Amino acid sequence: MRKSARSRAEEQFSATQKKAKQALKEKEKAEREIADRVAKLRALRLAKEAADKEAAAEKAAAENKKPARLPQAHRR
């Protein structure tokens with residue numbers, strides 16, 4: 001029994017649709033991985049910037065701080 005042209009065409013079409021769905025899934029997975037990587041790098045950069053800003057503020061505070069005076073008993 002030979003398949004009709006229509007049934008062969010439908011099989012080819014369904015195979016093409018299946019490949020297209022698989023390709024779309026792979027593309028979406030790759031895009032998610034890239035988005036996750038970007039989010040991770042952004043979080044690391046923001047954390048580093050916050051740490052740098054805090055360190056700079058501490059350094060500025062230390063430079064502006066006057067030396068502590070010794071109590072009266074220790075002055076001579």
How many percent of Cα pairs in the chain exceed 16 Å?
77 percent
Subtracting the Cα-Cα distance from 0.36 nm times the residue separation, let me have the gained length for LEU41 to ASN64 in nm, one decimal.
4.8 nm
How much net charge surrounds GLN22 when only other residues with a Cβ under 12 Å from its Cβ are counted (Lys, Arg +1; Asp, Glu -1)?
+4
Near LYS40, which aspartates and glutamates are there with a Cα under 17 Å away, not counting those fewer than 8 places off in the same chain?
GLU31, GLU49
Return the lysines within reach of LYS18: Cα separation strictly under 26 angstrom, same-chain partners fewer than 8 residues apart disregarded; answer none if there are no such residues.
LYS3, LYS27, LYS29
0 to 90° range, to nearest 10: angle between helix 5-64 axis and the chain longest Cα axis:
0 degrees
Taking LYS53 as the anchor, which aspartates and glutamates have their alpha carbon closer than 17 Å to its alpha carbon, excluding any fewer than eight residues away along the same chain?
GLU63
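No lab work stands behind these numbers, since they all come straight from the coordinates. The shown structure was predicted, so the numbers you read here are calculated from the model rather than taken from an experiment. Quick reminder, even Gly has a Cβ in these numbers, built from the backbone with ideal geometry, and neighbours come from all protein chains shown.
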